Every structure is written in C-alpha cells, then in structure tokens.
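Engineer: So that we are looking at the same thing, I have put the structure below in structure tokens.
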Amino acid sequence: MTGKPAPPAKKPAAAAAKKKATPAPKEEAAPKAEATPKEEAAPKGEAAPKEEAAPAPATEEPPAPENPPEQSPASTDEPAPIPKEAGAEATPVPAEGSPAPSAEPPAPAPEPKLEKPKEEPPSCPLSLAVEEVSENSFTLTWKAPEQTGRAGLDGYVVEICKDGSSDWKAVNQEPFLSTRYTIPNLSSGDKIHVRVMAVSASGASVPATLEQPVLIREILQLPKIRMPRHLRETYIRRVGDAVNIMIPFQGKPQPEVSWTKGGQPLDTNRINIRNTARDTIFYIRQAQRSDSGKYELTVQINGAEDKATLDIQVVEPPGPPQNLKLVDVWGFNVALEWTPPADNGNSEIKGYRVQKSDKKSGKWFTVLERCTRTSCTISDLIIGNTYSFRVFSENICGLSDSAAVASGVACIEKTKTTYQPEKIPQRDMMEPPKFTQPLTDRTTTRGYSTHLFCSVRGFPQPKIIWLKNQMEIREDPKYIALIDQGVCSLEIRKPGPFDGGVYTCKAVNPLGEASVDCRLDVKGEI
C-alpha cells in the first residue's frame, strides 16, 4: 500500500464530475484538472501545488465514502485534491516532467504607442524672378511659400546648373531666410538655370524654377538722375549749418559723375563729393554765404549724359533799417518813415516790426507785428506821455540782431478845453393819482386771513385811504395797510361774518384823487 495513491482521491473527482453534469452556478462547477491521473500518481510525500492547497468552500465538500478503506501512514501525508472555483478552470495543466506553474499572475502586455503623423514639407516658393543681371552675377527675388508647416521655415536653398548640364549645385552652404539673393562669381556669356527650395525640419519643398536660363551679360542702361522732390526747388540753409545732400542716379555700366559751379570745378577745400555706383553725396561742413549758387551735376556713360541743377541759398538775419525818422506828431498820433536795410541777409525782407517805449516805464511794446511798407502811423497814444520808437527788419531767418531807433521823441501834449454842460429842459413830472391795477372781488372763509391788492401812480406820491362801506378804516389792529413802489395792499386778519362788504381804496395828492372798490364775501367754515 505504500506505493499506491490514496483511495479517497478518486471520490472527490467522481463527485466533482457528478456536480459538473448537474446545472449549477458557474463558480460551483468542479474543474477537470483535479481528476487527471497525473495528480493521483503524485509521488509519496510530494506537496500539491499552492492552488490545490487552498481550503475548499463548505458548500463544495465531497461526501464521505460509505466504507472508507484503511489508509496507510504514507497516504496521510498527501493532501487530498480539493475542487477549485470556476476561475481556476483556465489554468493550464503542466506537462509531465515540467515544473509547477508560478502562482503569480502574468504581467500585463505594454500598450502599443501611437505613431505621430509625419508633417508635410513646406510648399513651393512663389514669384521667383530675376531682379538684376551684371557681367559676372545676377540677383533673384521671390516670395515666401503659402504653407510653412508648424515648425516654420529654416530658410531657403538656391541651386544653379549650367545650360546643357544636369549637375545642380547649391550656392549657399547654410539656409537663409531672406527672399533676395545675389549669385556671384559667374562667367560672362554663360546661361544658368536656377531653382529655389524652401527648407524646414520636415524636409524640402518642391523647387521653384525659372522657365528660361539666365544669360550672364552686362545690360546697358542710359544714365538718369533721380533728383529728390525737395531739391527741385531752392535749397535754403543758414550760415554755419551743414549741407549734406544725397542724389541717386542710375546707369550701366557705372557712369562718370562730375560737379561744376558756374562752369568751373568745385573748391575741394570747402566741398566734399563722394560717388558710389548708385548715388553721389554733396557735403559742406559749415555753409557760408559764398557757397550760395547753382551747382550742375552731370552723369555720363559713353557719350550719353544726364544733367541736373542744384540751387543752394545760404542765408542769415538781415541788418537793421536805415534812416528812421519821426515825420509828424498830431493829437494822439505819430508818423514814422525809414529805408530798407543795407544787408538783407541774402534773403527777401518779409516785413518790419515797430515798437514804442514811454518815458515813464522805459519798456518796449510792439505796435506793428509785420509792417510790409517803409512807413507807418501809430495811434492811440496817451496824452502827457513822451514816446520813443524803434524798428526791426525781418527775413526768413527772423528779426535783425539790432534795431533802428528814431533820433527824436514824440510828446503828446494836453489840449486846453473848457467844459460846457449841456442844457437839458426840465420836464413837468406832476401827475394826478391814477390806478393802474384795480381791486378785484374776493370770497374768503371765516377765520382765514385775506389780502386786497391794487396799484396806483401819481406825482407827488398820493396818500392812500382805505374805506369799508364808505367808512374810513383807521388804526384798527384787524387791518394792516401797506404801500410799496405804488402797490397798495390791505390785510384783513381772521375775518368774521361782519367783515364782509364793499372795500374802497382812495388815492389823493394835490392834483386830484382817484378810487377803486371791490366786494368781500366771508363764508362760514366748511
């Protein structure tokens, strides 16, 4: 009995098979792996896998055999196989001679990484054209492509190829971002094909190519001076200012440039000329009045030439007027005359400024801001004051540094006058009383004070008398009579039923009298 497997191992397998045949919940189904003969033939003393060593649930315990055979001591060491849950059915049975499977679950498989879509290269550069061709180089221009990608452009690559060859060579070692490029060091007479590609991190674009090859040769261009607009008129500067003028021109091959003044070469000690392939610069460090005049610029190529004239005027403030004199003084007025200045500052005189000063204050005040004539009349002078006068001349630079002062002074004397008051005829202001606003009938309530109003005029001021029912109202505290600026008022304080009646206002003065009356009704309380 020592070499045989334990008899109770078959009964659980049979019971498990029986349970599997009957419909039951999934977790109660007995696994087939427990009934394999390999497990029953396990060597003596060998421990079962860890899954089988777990205690079985109480509901799935197999029934005890009716006549259990005796078990040898060796069989007691081997645990009986225990049915597993439904989840254990998926565990594969180890092959014979292989080690027992591990109890740890397998590691999850890594998630596949999504590949990023590859960015498209930029689109083709636009509007490729030849800007200029010389005897050993030419210049290209183009526009940026419509699509540059997310990363943007790294730059452009320019490639050339001689006509009849297919060997394209890049002329720039590194990409550049400018849309203008000059290809140098070419041979005159060659025909060159050219193309431009836009380059980014995602690759190079489709090249932009010229339809026809570029012929390397000098293009003749007649000389032409492009005189700036502000130099087409007289160029005015002040004495001591710098004159720095640049005049562009065009022409191929490079033209010869020359400057003259009055048909004579320029004085290089005062005037500096610097010429380039496209412009000429005329420079004077400190201008003097002697530098004024007309300068002629000539640009010449193989007998063809173009000329332009530069008119420079160097100005300074003018001198003061001459021969200022006081011509006449009458009443409150003074007449002055003078002649133009001897030096106008190399500019036209725009006007004169006339000022006056009175002897009392000694301050100068401007009378005329810009007088265009050489004479003037000054008015509104104050009687009794003594005045002095001076005149400044003015040109484009401003006022003269000094003024011409009149030699004489103007005394505005007082004239003796006799005051004769005007005789005004006296007007007779006497007037009898006359009411301009009569009394009006009124109705009032018992216990509420009321007023009667009227207005009267007359001279002398009339006396006012108030009557009630043809009886004069004298000093009675119930009545208050007032007159102000011809307005008469009578206040009846808290009237009663006996205060009703006809009230009369009479105005009396030495020239006559006048009266108005009204009726007052007093009602009981409501």
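The values are calculated or read from the model by the stated rules, or taken from the named source; none is laboratory data. This one's a predicted model, so the numbers in the text were calculated from it and none came from an experiment. Ideal geometry is used to build each Cβ from the backbone, glycine not excepted, and the neighbour counts take in all protein chains shown. For accessibility, only protein heavy atoms count, side chains too; no ligands or nucleic acids. Shrake-Rupley method; radii C 1.70, N 1.55, O 1.52, S 1.80 Å.
Engineer: Could you state the number of Å between the C-alpha centres of segment 491-526 and segment 222-287?
Structural biologist: Centre-to-centre (Cα) distance: 109 Å.
Engineer: May I pose another question? Would you mind working out the accessible area per residue for segment 221-315, using a 1.4 Å probe, and quoting it in Å²?
Structural biologist: 60 Å²
Engineer: Over segment 126-216, average the accessible area per residue using a 1.4 Å probe and give it in Å², no decimals.
Structural biologist: Per-residue value: 57 Å².
Engineer: Per residue, how much space in cubic angstrom lies within the convex hull of the C-alpha atoms of segment 126-216?
Structural biologist: 91 Å³
Engineer: Just order 145-156, 232-243 by mean Cβ neighbour count inside 10 Å, highest at the front, would you?
Structural biologist: 145-156, 232-243
Engineer: Please report, as a whole percent, how much of the solvent-accessible surface of segment 285-343 comes from carbon and sulfur atoms (probe radius 1.4 Å).
Structural biologist: 42 percent
Engineer: Sort 503-509, 430-436 by the packing proxy (mean of other Cβ within 10 Å over each peptide's residues), most packed first.
Structural biologist: Packing order, densest peptide first, comes out as 503-509, 430-436.
Engineer: Could you rank the peptides 487-500, 449-462, 259-272 by their average count of other C-beta atoms within 10 Å per residue, with the highest value first?
Structural biologist: Most protected by this proxy first, the peptides run 449-462, 487-500, 259-272.
Engineer: Related question: Remind me, relative contact order of segment 421-483 in percent, using alpha carbon pairs under 8 angstrom and six or more residues apart?
Structural biologist: Reported as a whole number, the value is 31 percent.
Engineer: Among the listed pairs LYS350/LYS414; LYS307/LYS350; LYS294/LYS325; LYS162/LYS224; LYS356/LYS414; LYS360/LYS423, which have their C-alpha atoms separated by more than 29 angstrom in this model?
Structural biologist: Long pairs (Cα-Cα over 29 Å): LYS350/LYS414; LYS307/LYS350; LYS294/LYS325; LYS162/LYS224; LYS360/LYS423.
Engineer: Another question, if that's okay. When the scattering of segment 375-526 is computed by the Debye formula from its Cα atoms alone, each counted once and equally, what is log10 I(q)/I(0) at q = 0.13, 0.22 Å⁻¹?
Structural biologist: Debye intensities relative to I(0), on a log10 scale: -0.75, -1.33.
Engineer: Within the accessible area of segment 431-523, what % is carbon and sulfur when the probe is 1.4 Å and the other protein chains stay in place?
Structural biologist: About 50 percent, which is the carbon plus sulfur part of the accessible surface.
Engineer: Under the Kirkwood approximation for Rh and a Cα-based Rg, what ratio Rg/Rh is obtained for segment 325-412?
Structural biologist: Reported Rg/Rh, Kirkwood definition of Rh: 0.98.
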